[in-house]
Amino acid sequence: PYTAVAAAGKVSGAAPDVAREIFKRLGVADVAASISEYGAMIPGLQAGRFDVVTAGLFMKPERCAAVAYSEPVLCDAEAMLVKKGNPKGFKSYEDVAKDTTATIGAPGGGTEEKLALNAGVPRDRVIVVPDGQSGVKMLQDGRIDAYSLPVLSINDLVKKANDPNLEVIAPVQGAPVYCDGAAFKKGDEALRDAFDVELAKMKKSGEFAKIIEPYGFSAAAAMSTSRDKLCAAK
């Protein structure tokens, strides 16, 4: 969903679609795509082989030191799948911990299991779920009150389940959010800043959500954090 190349060579995906719309607003009618291996993106940007990277290059302090990132575009955050209407009112793993009757399903040994346990959910109320389909079925059958996975994974399961009685809570409050941004060459901050102005307008108007959410991404997750926070994260 980040970036895809069609047979005819046209690049699509959430990141290029956002960038294409922003550059159009900046008066750039034609954006030429250059395909690169993941590890060659930053060196290629620094060498001037392309002007911007929009391909799921997640922000980390060492990358923030090497490139000029825009504000967050695509994020993967934690999500919870619950019954429609969120009957127990879950917004965080702490909410599950406080409800002494609540159970939450998560992959064994995964991030979500650790986050739930660290939030104070007792071991016997964190149910190990072997796979996504099992998690959905257990929730539908009432054997768990919530099922937690990253946003992209949960949205994919919901799409396949096609069950109107399910609801996604995302991002889970207090849980880590990992985001990419459009990466510009150091020294091109003026272009980056112009990009950010249009990105902010799109986030406010809802146009941003219309572009990325069909791909399974959460606009709310991207709007819940900032470049400064992500670049400072340990």
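The values are calculated or read from the model by the stated rules, or taken from the named source; none is laboratory data. Predicted, not measured: the structure shown is a model, and the values here were computed from it. FYI the Cβ positions are ideal-geometry reconstructions off the backbone, even for glycines, and counts take in every protein chain you see.
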Check your understanding: Which of the residues belonging to segment 139-166 are within 17 Å of Asn86 (Cα to Cα) and buried (at least 17 other Cβ atoms within 10 Å of the Cβ)?
Key -> Leu139, Ile144, Asp145, Ala146, Tyr147, Ser148, Leu149, Val151, Ile154, Asn155, Val158, Leu166
Practice item. Spot the failing condition for Val11; the list is (1) closer than 19 Å to Asp193 by Cβ; (2) without any contact (Cβ under 8 Å) to a residue 40 or more places away in the chain, and only one is missed. Key: (1)
Practice item. Kindly list the number of the only condition in (1) touching a residue at least 24 places away in the same chain (Cβ under 8 Å); (2) of a type in the set (Phe, Trp, Tyr); (3) in contact with a Gly (Cβ under 7 Å, 6 or more places away or on another chain) that fails for Phe90. Key: (3)
Review point. If we keep just the residues of segment 26-52 that are among the charged types (D, E, K, R) and more than 24 Å from the chain's Cα centre (by Cα), which is farthest from Gly187 (Cα to Cα)?
Key: Asp30
Practice item. Would you be able to tell me the number of residues in segment 71-126 that are farther than 22 Å from Gln140 by Cα, of a type in the set (Gly, Ala, Ser) and in contact with a helix residue (DSSP H, G or I) (Cβ under 8 Å, 6 or more places away or on another chain)? Key: 3
Review point. Conditions: (1) of a type outside the set (Phe, Trp, Tyr); (2) at pLDDT below 95; (3) touching a Leu at 6+ places or on another chain (Cβ under 7 Å); (4) under 30 Å from Thr100 (Cβ atoms). Pro176 meets all but one. Number of the miss?
Key: (3)
